[in-house]
Amino acid sequence: MSKEVSGPPESDRYDDAPHPRETLAFFGNAAAERELLDAYRRNRMAQAWIIGGPEGIGKATLAWRLARFLLAHPEPHAPAVQGAESLAVPADHPAARRISTMALADIFLLRREWNEKTKKHFTEIRVDDVREIARSFHQGSGTGGWRIAIVDCADDLNRSAANALLKLVEEPPERSLFLFIAHQPGRILPTIRSRCRKLMLGALTEAETVAAVEALGAPWSDRSKSEIEAAAARAEGSVRETLRLLSGDAMAFDAGVARLFDRLPQVDWLGVHMLADKITGRDNEDAYETFMRALQRHLDSRVRALAQAGAAPARLVGYARAWEEIREIARETEVFNFDKRAMVLGVFERLMRL
């Protein structure tokens, strides 16, 4: 399906790719889909779920897939549910059309909203966003079916918003369902986590990633098979990262960033300054995201290599602490609009000490 909802840019949509609510195909993680389907048809659907895993692997697609299925089949004991082999709903089903166009009375989406003043998305999901949904959530169901709240993503909730959402989870209307999409479930408020059933998704295989990209249609499917495969090989099972690497000179940029990390603990400061120049600026968000993904890949690979070599636990902990420190610096940089150049230089100064 194509982009059908007009208005400001959506924080949970990547570029001009189809939104997860518009994406009917689902690749990989079949066991997770079966777990949701089995819970529903056995009438044991948890009131709240955390759908966790790396960014770009289909967590939001699965959440919308479940919402679409419940909208199409509101009774778990119906023959269509009991005989279903997946959560798939045909594209011409009224439920699919309503969800793709957001013509919904009982499905609520909580995400980072658009800031008209700055012409950028807010860096967090705010308490006012939660309160607005909470007021509508307690009103009577428009269809007599499920009320579903999708939080995309829970990592973006600030503490006040999380506490306000906790009250809604604790005292929900009848037939309510909360789907928390989380890249890092451990960062969700513990009191919310304790009320959720956790469903962890894994990274896609390269073949699944390629198939998912090709299923998105033009312009992504217009790229050559070899280009898509090369991007998927570096994306570590993330469709979103694959799309980013297919944009412009992202592949060459990603390779250049990787070379800087591979030199550590030696630092090519000229190359680092050139990298900082590339990342700095309000229109270079994709370059910044590519840098952060490359950083995470570097740290993950170093920890795996050290663990396999029998490194002391203290050294592994040092990498974990460095990643947490860098993530906090990156968060503050985004929230307070600090200079990304200083952040990039600080990252390499921190890593050269490991």
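Based on the alpha carbons, how large is the Rg to Rh ratio for the chain when Rh follows Kirkwood?
We get a ratio of 0.97 for the chain.
Out of segment 272-317, which trypsin sites (Lys or Arg not before Pro) are coil in DSSP terms and have no more than 10 other C-beta atoms within 10 Å?
Arg282
Express in whole angstrom the spacing between the alpha-carbon centres of segment 191-225 and segment 269-325.
23
What does the extension gain come out to for Glu171 and Gln139, with contour length at 0.36 nm per residue minus their alpha carbon separation?
Here the answer is 10.2 nm.
May I ask you to compute the full-extension gain from Glu35 to Arg159, defined as 0.36 nm times their residue separation minus their alpha-carbon distance, rounded to one decimal in nm? Walk me through the intermediate numbers first.
Numbers: separation 124, 0.36 × 124 = 44.64 nm, distance 3.02 nm.
Length gained between Glu35 and Arg159: 41.6 nm.
Counting only the backbone N, which residues of segment 22-66 are under 18 Å from the spot 7 Å out from the Cα of Ala80 toward its beta-carbon?
Those under the cut-off are 24-25, 37-38, 40-43, 64-66.
Calculate for the chain the 222 nm mean residue ellipticity that helices alone would give, adding -39,500 (n - 2.57) per DSSP H run of length 4 or more and normalising by residue count, nearest 500 deg cm²/dmol.
Helices in the chain give a 222 nm mean residue ellipticity of -15000 deg cm²/dmol.
What is the sum of charges around Trp146, taking Lys and Arg as +1, Asp and Glu as -1, for the other residues whose C-beta is under 12 Å from the C-beta of Trp146?
On the way: positive: Arg68, Arg147, Arg175; negative: Glu75, Asp106, Glu174.
Result for the neighbourhood of Trp146: 0.
What accessible area per residue comes out for the chain, rounded to a whole number of Å², with a 1.4 Å probe?
48
Any number yet on Rg/Rh for segment 217-354, C-alpha, Kirkwood?
0.99
Convert each backbone phi in segment 146-160 into a coupling constant with the Karplus relation 6.51 cos²θ - 1.76 cosθ + 1.60 (shift: θ = phi - 60°), then list the ³J(HN,Hα) values in order as whole Hz, x for Gly and Pro.
The phi angles translate into 7, 9, 10, 10, 10, 9, 10, 10, 5, 4, 8, 5, 7, 4, 5 Hz.
At 1.4 Å probe size, with the rest of the protein present, what percent of the exposed accessible area of the chain is carbon and sulfur atoms? Working shown, then result.
Values: 8500 of 17030 Å².
Ligands and nucleic acids excluded, carbon and sulfur reach 50 percent.
Of all GluC sites (Glu not before Pro) in segment 10-114, which ones are in loop regions per DSSP and have a Cβ with at most 11 other Cβ atoms within 10 Å?
Glu85
What residues have an amide H closer than 5 Å to that of Leu109, excluding those fewer than 5 places away on the same chain, when H is modeled at 1.01 Å from N in the peptide plane?
HN-HN under 5 Å from Leu109: Ile150.
How far apart, in nm, are the 7 Å Cα→Cβ label points at Arg131 and Arg350?
The two pseudo-label positions are separated by 3.4 nm.
On the Cα set of segment 74-195, report Rg and Dmax in Å, please.
According to the Cα coordinates of segment 74-195, Rg and Dmax are 16.0, 51 Å.
What shape does segment 188-245 have by the C-alpha gyration tensor, where a ≥ b ≥ c are the square roots of the eigenvalues, rounded means a/c under 1.5, and otherwise prolate means a/b greater than b/c and oblate the rest?
prolate
In whole Hz, what ³J(HN,Hα) sequence does segment 101-108 give by Karplus (6.51, -1.76, 1.60; θ = phi - 60°), x for Gly and Pro?
Karplus values, whole Hz, x for Gly and Pro: 9, 6, 8, 10, 9, 10, 10, 10.
Can you give me the distance in nm between label points at Asn43 and Ala309, each placed 7 Å from the Cα along the Cα-to-Cβ direction?
Modelled inter-label distance: 5.9 nm.
Residue by residue, what Karplus-based ³J(HN,Hα) values in Hz, rounded to whole numbers, does segment 246-256 have, using 6.51, -1.76 and 1.60 with θ = phi - 60° and x for Gly and Pro?
7, 8, x, 9, 4, 4, 5, 5, 4, 5, x
Using protein chains only and a probe of 1.4 angstrom, how many square angstrom of Arg193 are accessible, to the nearest 10?
Looks like 80 Å² after rounding.
Using only Cα atoms and rounding to the nearest 10 degrees, what angle (0 to 90) does helix 269-279 make with the longest principal axis of the chain?
So the helix axis and the longest Cα principal axis differ by about 30 degrees.
Once you've got the GNM for the chain with C-alpha springs shorter than 10 Å, pick whichever of Asp339, Asp152, Asp15 has the biggest mean-square fluctuation.
Sorting by GNM fluctuation, first place goes to Asp339.
Around Leu37, with a cut-off of 11 angstrom between Cβ atoms, what is the net charge of the other residues, counting Lys and Arg +1 and Asp and Glu -1?
Neighbour charge sum, excluding Leu37 itself: 0.
Find how much the distance from His183 to Asn284 grows on full extension, using 0.36 nm per residue of separation minus their present alpha carbon separation; answer in nm with one decimal.
34.1 nm
Taking a spot 7 Å from the Cα of Met274 along the direction of its beta carbon, which residues of segment 313-354 have an amide N less than 14 Å from it?
So the set is empty, nothing qualifies.
Rg (Å, one decimal) plus Dmax (Å, integer) for the alpha carbons of segment 1-157?
Just the Cα atoms of segment 1-157 yield Rg and Dmax of 15.7, 51 Å.
By how many degrees, between 0 and 90 and to the nearest 10, does the Cα long axis of helix 59-72 differ from the longest principal axis of the chain?
Taking the Cα atoms of the chain, the angle to 59-72 is about 10 degrees.
Taking the chain as a Gaussian network, where each spring joins two C-alpha atoms under 10 Å apart, which residue of Ala30, Ala105, Ala250 fluctuates the most?
Ala30
The values are calculated or read from the model by the stated rules, or taken from the named source; none is laboratory data. Computed from a predicted model, the values in this text were never measured in an experiment. In this analysis, Cβ positions are derived from the backbone assuming ideal geometry, glycine residues included, and neighbour counts consider all displayed protein chains. These area figures cover heavy atoms from the full protein model, side chains too; ligands, DNA and RNA do not enter into them. Shrake-Rupley method; radii C 1.70, N 1.55, O 1.52, S 1.80 Å.
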